[in-house]
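Visitor: Please read through the structure below; I'll follow up with questions.
The values are calculated or read from the model by the stated rules, or taken from the named source; none is laboratory data. Note that this is a predicted model, so its numbers are computed, not measured. FYI the Cβ positions are ideal-geometry reconstructions off the backbone, even for glycines, and counts take in every protein chain you see. Note: areas computed on protein heavy atoms with side chains; ligands, DNA, RNA excluded. Shrake-Rupley method; radii C 1.70, N 1.55, O 1.52, S 1.80 Å.
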Amino acid sequence: MKVLVIGGGAREHALCRSLSQDPAVSELHCAPGNAGIAQVATVHPVDQLDGAAVAALARQLTADLVVVGPEAPLVAGVADAVRAAGIPVFGPSAAAARLEGSKAFAKDVMAGAGVPTARAYVCTTPAEAAEALDAFGAPHVVKDDGLAAGKGVVVTSDREAALAHAAACGQVVIEEFLDGPEVSLFAITDGETVLPLVPAQDFKRALDGDEGPNTGGMGAYSPLPWAPAGLVQEVLETVLQPTVDELRRRGTPFSGLLYAGLALTSRGTRVIEFNARFGDPETQVVLARLETPLAGVLLAAATGTLDTLEPLRWHDGAAVTVVLASEGYPADPRTGDVIEGLDEADAADGTVYVLHAGTRADQDGRVLTAGGRVLSVTAIGTDLAEARDRAYRGVARIGFKGAQHRTDIAREAAAG
């Protein structure tokens, strides 16, 4: 099987790493890729938002499967262009990807499907925003209606800050605050069958103790020893399957990766948000635990044959990933710094490995920082404590100017 992955972050590196280890994959390509992905796949300088260019590359490569990683190409219709070229693609249509591209659309779908979520108002004027903030009270939750790379949500008790974020976004969704721990649950679907993966938890705030600004995610772990028994089956029955069924009923079937961000509240499980693609950094730990070869699962979703698959097999242990970010991230990340210690961080036995996010290689072959989130150091172990220890030992071997990371990823869960 020839596979083409679209994207260039740590999520795509995780996907490419898993696909490169799949015996069914004879050729692996990625566009545009990054310095780490180039070590496991042939990279191509294609604009990932240009559906015609992506479809042309897939035809040129005679790809058997295209996997679209990030949300922006999905919302831009890249998967539609590839499907129109007659090539199987893992990723929803632009119409179905609105589930992530518009918070207001997602709320409408959830209402139609009877999915439990926070009460919310869609606001387009300062007066509407002020009224909604007062209706729910603090803490205030204000979400940019469109794509914002995981950084469009403000949760604050400062009413003026909430109003300012609403004004800066234009159309926003303002909703009630959901208490309780958060869980990320991915599901692979072909538009009818829904195959949930294992839950993970990510850490959105930049600093230890969940302080600082929201980011795209600073680390993640799986499994969740504190999660209630039966959670995955409950979410499949009350959230994932009803959402997929509702989208199919509306004539916009969802095929690809459906990501449910959940809050386990005192009143039951509630959906915080949907994404239309693998989440970053949760993908790093979920794929680290997946033992079933990945390519066949993604192809089955792309070709409508998920119901024929054997049950997925999972590593019994645990996985932890820690993100190394640039100085100034998320507000104003610096780039162009040389990264040292990448080879030293990788464990010979594969229990620790580095996934590249914002990196590029210079003409001398040195790896430089090229984004806010630079690397994800991922480790597996028999339990969370061992995986966490290995991940942080890997982090300690890497250096670049102004590097920052959280020191508390999975700490409470590992302590038991």
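Visitor: Taking amide H positions as placed 1.01 Å from N in the peptide plane, with prolines and chain starts having none, which residues 5 or more places from Val67, or on another chain, fall under 5 Å of its amide H?
Guide: Under 5 Å from the amide H of Val67: Leu4, Val5, Ile6, Phe90.
Visitor: May I pose another question? Given a 1.4 Å probe, how much area per residue of the stretch 1-133 is accessible, in Å²? Spell out each step's value before the answer.
Guide: Numbers: 4820 Å² over 133 residues.
Per residue, the stretch 1-133 has an accessible area of 36 Å².
Visitor: Along its principal axes, what span do the Cα atoms of the stretch 1-94 show, with the longest given first and each in whole Å?
Guide: Ordered largest first, the stretch 1-94 gives principal extents of 29, 23, 20 Å.
Visitor: For the stretch 199-221 and the stretch 380-416, what is the centre-to-centre distance using only Cα atoms, to the nearest Å?
Guide: Each part's Cα centre sits 13 Å from the other's.
Visitor: Which whole-number value in Å² is the accessible area per residue of the stretch 183-276, probe 1.4 Å?
Guide: Working: 3190 Å² over 94 residues.
The answer is 34 Å² per residue.
Visitor: When the helices in the chain are scored as -39500 (n - 2.57) per DSSP H run of 4 or longer and the sum is shared across all residues, what 222 nm value do you end up with, to the nearest 500 deg cm²/dmol? Each step should come with its number before you reach the end.
Guide: On the way: 15 runs with 128 residues, N = 416.
Result for the chain: -8500 deg cm²/dmol, rounded to the nearest 500.
Visitor: Based on DSSP, what percent of beta bridges with both residues in the chain are antiparallel, to the nearest 5? Mind dumping the intermediate values first?
Guide: Values: 59 of 74 bridges.
Of all bridge pairs located within the chain, approximately 80 percent are antiparallel.
Visitor: Next question, about the same structure. Along the stretch 31-48, what does the Karplus equation 6.51 cos²θ - 1.76 cosθ + 1.60 (θ = phi - 60°) give for ³J(HN,Hα), rounded to whole Hz, x for Gly and Pro?
Guide: Values, residue by residue: 9, x, x, 7, 5, x, 4, 4, 7, 10, 9, 7, 9, 9, x, 10, 5, 5 Hz.
Visitor: Whenever you get a sec, compute what percent of the accessible area on the chain sits on carbon and sulfur atoms (1.4 Å probe). If you can, show how the numbers build up before the last one.
Guide: Numbers: 7960 of 16080 Å².
Roughly 50 percent, rounded to a whole number.
Visitor: GNM on the chain, C-alpha springs below 10 Å: top fluctuator among Ala130, Ala162, Ala288?
Guide: Largest GNM mean-square fluctuation: Ala130.
Visitor: When the chain is treated as a GNM, springs tying every alpha-carbon pair under 10 Å, which of Ala187, Ala168, Ala85 comes out with the largest mean-square fluctuation?
Guide: Judging by the Gaussian network model, the answer is Ala168.
Visitor: Mind listing the long-range amide H neighbours of Arg406? Cut-off is under 5 Å, sequence gap 5 or more, other chains count too, H placed in the peptide plane at 1.01 Å from N.
Guide: Result for Arg406 returns Val323.
Visitor: Checking the a/c ratio against 1.5 first, then a/b against b/c, what shape does the Cα gyration tensor give for the chain? Let's see the in-between values first.
Guide: Details: a/c = 1.37, a/b = 1.14, b/c = 1.20.
Cα axes put the chain in the rounded bin.
Visitor: Which GluC sites (Glu not before Pro) in the stretch 312-372 sit in a loop by DSSP (not H, G, I, E or B) and have at most 11 other Cβ atoms within 10 Å of their own Cβ?
Guide: On the way: sites: Glu327, Glu340, Glu344; in loops: Glu327.
Of the GluC sites (Glu not before Pro), not one in the loops of the stretch 312-372 has a Cβ with at most 11 other Cβ atoms within 10 Å.
Visitor: Under 14 Å between C-alpha atoms is the cut-off here; go through the chain and count lysine pairs that meet it, provided they're at least eight residues apart or on different chains. Mind showing how you got there, number by number?
Guide: Details: Lys103/Lys143; Lys103/Lys151; Lys107/Lys143; Lys143/Lys151; Lys151/Lys204.
Lysine pairs satisfying the spacing and distance rule in the chain number 5.
Visitor: Once you keep just the Cα pairs under 8 angstrom separated by 6 or more residues, what percentage relative contact order results for the chain?
Guide: Numbers: 1043 pairs, mean separation 67.2, N = 416.
So the answer I get is 16 percent.
Visitor: Hey, what do the phi angles of the stretch 350-362 turn into as Karplus ³J(HN,Hα) couplings, whole Hz, using 6.51/-1.76/1.60 and θ = phi - 60°, x for Gly and Pro?
Guide: x, 7, 9, 8, 9, 9, 8, 10, x, 9, 8, 9, 8
Visitor: In terms of modelled amide H atoms, which long-range or inter-chain residues lie less than 5 Å from the amide H of Val43?
Guide: Sorted by chain and number, the residues that satisfy this are Cys30.
Visitor: Which order, highest average first, do 373-385, 57-69, 230-242, 2-14 follow once you tally other Cβ atoms within 10 Å for each residue and take the mean per peptide? Write out the running numbers ahead of the final one.
Guide: On the way: 373-385: 23.9, 57-69: 21.5, 230-242: 17.2, 2-14: 27.8.
Highest to lowest by the protection proxy: 2-14, 373-385, 57-69, 230-242.
Visitor: Rounded, prolate or oblate: which one fits the stretch 316-416, using the alpha carbon gyration tensor with axes a ≥ b ≥ c (rounded when a/c is under 1.5, else prolate when a/b beats b/c, else oblate)?
Guide: The shape class here is oblate.
Visitor: What do you get when you divide the Cα radius of gyration of the stretch 213-281 by 2.2 N^0.38 Å, with N the number of residues?
Guide: Details: Rg = 13.7 Å, N = 69, 2.2 N^0.38 = 11.0 Å.
Ratio of Cα Rg to 2.2 N^0.38 Å: 1.24.
Visitor: Which of these, Pro139, Pro253, Pro223, has the largest mean-square fluctuation under a Gaussian network model of the chain (Cα springs below 10 Å)?
Guide: Maximum among the listed residues: Pro139.
Visitor: With just the Cα atoms of the stretch 40-180, tell me how far they stretch along each of the three principal axes, in Å, largest first.
Guide: 56, 32, 29
Visitor: Once each part is reduced to its C-alpha centroid, what is the distance from the stretch 304-356 to the stretch 100-158 in angstrom?
Guide: Centre-to-centre (Cα) distance: 31 Å.
Visitor: Using the Cα centre of the stretch 360-416 as origin and beta-carbon charges of +1 (Lys, Arg) and -1 (Asp, Glu), tell me which of Val367, Gly381, Ile409 is placed farthest towards the positive end of the dipole.
Guide: Farthest towards the positive pole: Val367.
Visitor: What list of ³J(HN,Hα) values in whole Hz, one per residue of the stretch 58-71 in order, does the Karplus curve 6.51 cos²θ - 1.76 cosθ + 1.60 (θ = phi - 60°) give from phi, with Gly and Pro shown as x?
Guide: Whole-Hz 3J(HN,Hα) from phi for the stretch 58-71: 4, 5, 4, 7, 6, 5, 8, 7, 10, 10, 8, x, x, 6.
Visitor: Using the Cβ atoms and a cut-off under 15 Å, what net charge is assigned to the surroundings of Thr308, where Lys and Arg are +1 and Asp and Glu are -1? It would help to have the intermediate numbers written out before the result.
Guide: Details: positive: none; negative: Asp190, Glu192, Asp307, Glu310.
Here the charged neighbours net out to -4.
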